[in-house]
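Q: One structure, pasted below without further comment.
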Amino acid sequence: MKSERIIFHGGIDMSGHAAIAELAQTASKFSSSIVLQAENKYIDVKSILGLFTTLVGGKTYELHIHGPDAEQAKAEMLAVFAKHNLDVRLAE
């Protein structure tokens, strides 16, 4: 299985609930594991509640994607981040 690692800088203010819902809905379409890491905390991106409690403030986040459909998941997740003007780049 291929694993993808993406760095996400910043956060979403509470008015960004549409972005959070779309991130969770998009992630839920895939069988791959899609996990957001904030320091030592890991959040399942398919969990709206987890995203609401994590994506606040100006931290640096890493998005880890691994599984059989990781490439497609990566492309669609990056598109959602871009749509909502969230700064995302692939980790090196």
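The values are calculated or read from the model by the stated rules, or taken from the named source; none is laboratory data. Source: prediction; values computed, not measured. All Cβ positions, even for glycine, are placed from backbone atoms using ideal geometry, and neighbour counts span all protein chains on display.
Q: E92 is checked against (1) assigned to a loop (DSSP other than H, G, I, E, B); (2) modelled with pLDDT of 85 or more and fails just one. What number does that condition carry?
A: Only one criterion in (1) assigned to a loop (DSSP other than H, G, I, E, B); (2) modelled with pLDDT of 85 or more is unmet by E92, namely (2).
Q: Among the residues of the stretch 43-72, what is the count of those that are of a type in the set (D, E) and either touching a Phe, Trp or Tyr at 6+ places or on another chain (Cβ under 8 Å) or closer than 17 Å to L86 by Cα (or both)?
A: Number of matching residues: 2.
Q: Something else now. Take the conditions among the acidic types (D, E), exposed (fewer than 13 other Cβ atoms within 10 Å of the Cβ) and at pLDDT 65 or above and apply them to D44. Does it pass?
A: Considered against the rule, which asks whether it is among the acidic types (D, E), exposed (fewer than 13 other Cβ atoms within 10 Å of the Cβ) and at pLDDT 65 or above, D44 comes out as no.
Q: Looking at the stretch 3-33, which of its residues are closer than 10 Å to A73 by Cβ and at pLDDT below 55? Break it down stepwise before answering.
A: Within the stretch 3-33, the subset closer than 10 Å to A73 by Cβ is 4, 26-27, 29-33.
E4, the sole residue that qualifies.
Q: Just give me the residues in the stretch 49-79 being surrounded by 15 or more Cβ atoms within 10 Å (Cβ to Cβ), at pLDDT below 90 and within 19 Å of A21 (Cβ to Cβ), in sequence order.
A: G50, L51, F52, T54, L55, Y61, L63, L78
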